[in-house]
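*Asks:* Here's a structure for you.
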């Protein structure tokens, strides 16, 4: 089966549709959410030429926004010469089918999830990233196999993709061909899951090696475009891809950081989050997100200058809860203070859950020493006090302690080296047999 990924082959004129359902409790206002959707469309290579909003009591079971509003959208599309409609919510398969019928064959209907998946497809630079995005796309598209599939499968063949999931919709050869396509997709999904399971095992082996070496892992998390990659560069000097756009970095990148006390940690940059992140994408990126769940400390990087910074913090916290991140220490990193100025920092109501807060400008390398000092203190405070007797022949363990633990005392005895240490929690199990 030919892999499909990219929605766009060039700039397209897009029209946005946002809906405010009174029973819902969105983090962002409808206006702010549409503004973010416009940025997503631009990131995907589209030009937004108009938008509309619908306030309603409940979601229409057929067209999401109701037949009257659909007619209004159809007329607006003609006026602004747009052939793409993007909804700010995830559409059900039924909604997608009915909207395509009502708006006409020349109009392509997308929702926020499809748009985000396309951006991920464009930005995946490694085989792992490509596998994760492809899996998320197939799982999202499977129940929505309509004529929209034709466009998505077009890239490799200059028409429908060659073989497998051909561009066949409900107006095509019929149900039999659709079922063939669905079986092909299910087989591809199973294959992708198998390959990604291998990725998970490979990552798990690396994490076990780091754990045995006693190297703490610090994970960077945050809303997309908060400046995580820039912060990784500021901390390590690593050559990382940095761009002022949504989802510029998808693939995890780990680099060593030398701490002021001579120890070192591994800092891992991870994919950014966003409100209404597709659940299929979270599931597909499980191997990547496990880097977060195994971390000793989380640095939650936020864009202080963003008008919705508090709502973005809540979105990240909700996503971390969704992937079951354990209760490790978290540091709130107020980034981009060069754009914020001398004003007092925003007040986040959940700040008490954080180990500490620090203000930095990753771009200007301001506040980095303070961040490292706070990180060092956090790692030390989250350590386990232990008294150990290590045999002389285990010089490797003694070296590991000097590199990764705080040595409070050391005494040479007949039986070995007697050491009183503050041990990182990740190392406690490894040294338990030498405890006295």
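FYI, it's all coordinate maths here, none of it is from the lab. In this text, all values refer to a predicted model and were calculated from it rather than measured experimentally. So basically every Cβ, Gly included, is an ideal-geometry build from the backbone, and we count neighbours across all protein chains shown.
*Asks:* Given points 7 Å out from each Cα along the Cα-Cβ axis, report the residue 127 to residue 75 separation in nanometres with one decimal.
*Replies:* Each label point lies 7 Å from its Cα, and together they span 5.5 nm.
*Asks:* Run the simple label-point estimate for residue 430 and residue 286 please: 7 Å along Cα→C-beta, distance reported in nm.
*Replies:* 2.7
*Asks:* For residue 380 and residue 190, compute 0.36 nm times the residue count separating them, minus their Cα-Cα distance, and round to one decimal in nm.
*Replies:* Fully extending the segment from residue 380 to residue 190 adds 64.0 nm.
*Asks:* Sticking with this structure for a sec: Determine, for each peptide in 65-76, 405-416, 33-44, the mean count of other beta carbons within 10 angstrom over its residues, then list the peptides with the highest first.
*Replies:* Put in order of decreasing packing, that is 33-44, 65-76, 405-416.
*Asks:* A follow-up question, please. Given R₀ = 35 Å, FRET efficiency for residue 364-residue 105 by Cβ-Cβ distance, to 0.05?
*Replies:* Taking R0 as 35 Å, the efficiency between residue 364 and residue 105 is 0.10.
*Asks:* Bin width 5 Å, origin at 0, all Cα-Cα pairs of the stretch 383-434: what percent of pairs per bin?
*Replies:* 5, 22, 38, 26, 8, 1
*Asks:* Rank-order 181-193, 120-132, 216-228 by packing density, defined as the average count of other C-beta atoms within 10 Å over each peptide's residues, highest first.
*Replies:* Per-residue Cβ counts within 10 Å, averaged per peptide and sorted highest first, yield 216-228, 120-132, 181-193.
*Asks:* Arrange the peptides 264-274, 81-91 so that the one whose residues have, on average, the most other Cβ atoms within 10 Å appears first.
*Replies:* 264-274, 81-91
*Asks:* Looking at the square roots a ≥ b ≥ c of the eigenvalues of the Cα gyration tensor of the stretch 19-120, which shape do they give, rounded for a/c under 1.5, prolate if a/b is larger than b/c, or oblate?
*Replies:* Here the stretch 19-120 falls in the rounded category.
*Asks:* Still on this model: Can you work out the FRET efficiency for the pair residue 35 and residue 11, with r the C-beta to C-beta distance and R0 = 22 Å, to the nearest 0.05?
*Replies:* So, using R0 = 22 Å, E works out to roughly 0.65.
*Asks:* Pairwise over distinct Cα atoms, reciprocal of the mean inverse distance: report the Kirkwood radius of the stretch 215-380 in Å, one decimal place.
*Replies:* 15.8
*Asks:* I've got another one for you. Put a dot 7 Å past each Cα toward the Cβ at residue 420 and residue 396; how far apart are the dots in nm?
*Replies:* So the label points at residue 396 and residue 420 sit 2.9 nm apart.
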